[in-house]
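First up is the structure itself, then whatever we jot down about it.
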Amino acid sequence: SMAAAYTTRKKDAASGAKAQAIELQSAMDVTELIQAADDDAEAYADLQRTWKETMAEEEKAKIEARALAIPTNLVETCHKNILSIHSFLPHCNTNITSDAKVGIHTLAGAARAAYQTVLVNSPPEEEKMRLQTLLKEIRDVEDELL
C-alpha cells in the first residue's frame, strides 16, 4: 500500500511504525487481487460452457464450485486486507492516512462486488450468512472512518 510505503521515515523507524508498514506490505498481495479478476473471468467462461455443452455431472459440479470459490475467496481476501490496513492506521504517516483509508474503501467495494457474484452462484445459506458477517465487519470499519 502507498500509505505503508510512505511510512518509512527516520521517525517512523524510531517509533516502530516502519516495522508496522513493512508488516502490512508483507501481508497484502496485490497480485492476488488482480489474479482473482482473471480467474473469475475464466471461471465464468467455463460456467457458460455448462449451459451450452453436455458434460458429466462431476465436471459441471467442479466448474460450479470454482465459480463460487473465486468470488468467495475475494471477499475473504478483501476483508483480511481491510483489517490489516485498519490495524496499521494508528501507525501510518499522518500525512498520508487518507491513502490508507482510500485503500479500505476500494477493497470494501471490491468485497461487495464479489459478494454479488457469490450470490449469483447460489451459495449454501450458511456460507451466505458467513460472508454477510464479513461484509458487516467491513462496513463497521468504513463507518468508523466516515
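So the values come out like this:
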item	result
Which listed residue, of Ala21, Ala13, Ala45, is open to solvent by less than 90 Å² (accessible area, probe 1.4 Å), free of Cβ contacts under 8 Å to residues at least 60 places away in the same chain, assigned to a helix (DSSP H, G or I) and more than 21 Å from Asn73 (Cβ to Cβ)	Ala13
Tally of residues being touching a Ser or Thr at 6+ places or on another chain (Cβ under 8 Å) and under 23 Å from Ala19 (Cβ atoms) across the range 89-118	8
Residues located in the range 121-146, provided they are surrounded by fewer than 13 Cβ atoms within 10 Å (Cβ to Cβ) and among the aliphatic types (A, V, I, L, M)	Met129, Leu146
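The values are calculated or read from the model by the stated rules, or taken from the named source; none is laboratory data. These numbers come from a predicted model, not from an experiment. All Cβ positions, glycine included, derive from the backbone under ideal geometry; neighbour counts span all protein chains shown. Only protein heavy atoms, including side chains, enter the accessible area calculation; ligands, DNA and RNA are left aside. Shrake-Rupley method; radii C 1.70, N 1.55, O 1.52, S 1.80 Å.
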